[in-house]
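Beneath this line is the structure, given in structure tokens, with notes to follow.
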Amino acid sequence: MKVAVLALQGAFIEHEQVLQRLGVETVEIRQLKDWQQPIDALILPGGESTVQMRLLKELGLYEPIREAILIGMPVLGTCAGMILLSEGRLGTMDIEVRRNAYGRQLGSFHTVDTVKGIGTDVPMTFIRAPYIERVLSDKVEVLSTVDGHIVAARQGNQLATAFHPELDDGTRLHELFLGMVVGRSDKE
């Protein structure tokens with residue numbers, strides 16, 4: 001299994017480190033030629049969604065990545081990555097997202113809560129985090145809410161979180177994602 005991590009900006013190294021601890025091969029996507037190799041899944045990391053979107057378009061990665069997700073490539077979007085998956089950006093996931101929903105850097109926080117499919121006591125680190133303001137179809141399954149706001153959801157092979165699982169010690173969310181990748185491989 002080879003998981004690509006968008007490495008244009010943001011917390012991509014931390015995702016790579018978690019995947020390496022789980023014994024998964026990773027490849028950084030920095031330009032179109034990086035994308036043109038066999039890849040089983042993709043992680044869109046946290047960072048600056050506006051910068052990441054601009055670079056995706058400038059580097060010719062927007063359409064190929066969008067198309068791969070639409071035809072079923074498993075993708076994990078965390079924080080800015082969740083924003084990228086939403087309506088008005090890549091538009092592959094039927095969600096509307098409120099950017100910086102908890103305020104700026106000073107609004108960052110850590111909590112522990114439940115995520116469907118993982119269990120209880122899941123550590124959640126929110127850094128200038130968004131949340132899902134509105135689910136646009138019944139294809140979207142809400143996996144977690146914190147203080148009444150949707151912070152994790154799944155639609156088919158897309159998994160999105162408002163928090164940064166790569167910044168905590170646990171690997172359960174990445175394991176859930178890798179299970180989606182394996183599940184897709186089993187169907188092919």
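Values in this text are rule-based calculations from the coordinates and carry no lab data. In this text, all values refer to a predicted model and were calculated from it rather than measured experimentally. Don't worry about glycine lacking a Cβ; one is built from the backbone with ideal geometry, like all the others, and counts go over all protein chains shown.
Only helical DSSP H runs with n ≥ 4 go in: add -39500 (n - 2.57) per run for the chain, normalise by residue count and round the 222 nm mean residue ellipticity to 500 deg cm²/dmol. Each step should come with its number before you reach the end.
Numbers: 6 runs with 55 residues, N = 188.
Helices in the chain give a 222 nm mean residue ellipticity of -8500 deg cm²/dmol.
Just to be sure I understand: of the beta bridges DSSP finds with both ends in the chain, what percent are antiparallel, rounded to 5? Please list the in-between numbers first.
Numbers: 20 of 35 bridges.
Roughly 55 percent of the beta bridges in the chain run antiparallel, per DSSP.
Output ³J(HN,Hα) for region 28-34: one whole-Hz value per residue in order, computed from phi by the Karplus curve 6.51 cos²θ - 1.76 cosθ + 1.60 with θ = phi - 60°, and x for Gly and Pro.
Values per residue, Gly and Pro as x: 8, 9, 10, 8, 4, 5, 5 Hz.
As an exercise, use a Förster radius of 41 Å and the Cβ-Cβ distance of residue 9 and residue 182 to find the FRET efficiency, rounded to the nearest 0.05. Write out the running numbers ahead of the final one.
Details: r = 29 Å, r/R0 = 0.70.
Between residue 9 and residue 182 the formula returns 0.90.
Which whole-number percent gives the relative contact order of region 2-187, counting Cα pairs below 8 Å spaced six or more residues apart? Intermediate results must be reported in sequence, preceding the final value.
Numbers: 382 pairs, mean separation 35.4, N = 186.
That works out to 19 percent.
In what order do 12, 109 fall by count of nearby beta-carbon atoms within 10 Å, going from fewest to most? Write out the running numbers ahead of the final one.
Working: 12 23, 109 14.
In order of increasing Cβ crowding within 10 Å: 109, 12.
Would you compute the Debye intensity of the chain from its alpha-carbon atoms alone, equal scatterers and no solvent, and pass along log10 I(q)/I(0) at q = 0.11 Å⁻¹ to two decimals?
-0.41
If packing is taken as the mean number of other Cβ atoms within 10 Å per residue, what is the order of 2-11, 158-167, 115-124, 66-75, highest first?
Working: 2-11: 21.2, 158-167: 27.0, 115-124: 15.7, 66-75: 17.5.
The peptides rank, most packed first, as 158-167, 2-11, 66-75, 115-124.
Suppose a student asked you for the relative contact order of region 13-113, using Cα pairs under 8 Å spaced at least 6 residues apart; what percent would you report?
Details: 92 pairs, mean separation 22.6, N = 101.
Rounded, it is 22 percent for region 13-113.
Report, by chain and number, residues whose modeled amide H sits under 5 Å from the one on residue 46, excluding near sequence neighbours (fewer than 5 apart, same chain).
11, 78, 80, 81
Each residue of region 152-157 in order: what ³J(HN,Hα) in whole Hz does its phi give by Karplus 6.51 cos²θ - 1.76 cosθ + 1.60, θ = phi - 60°, with x for Gly and Pro?
8, 8, 9, 9, x, 8
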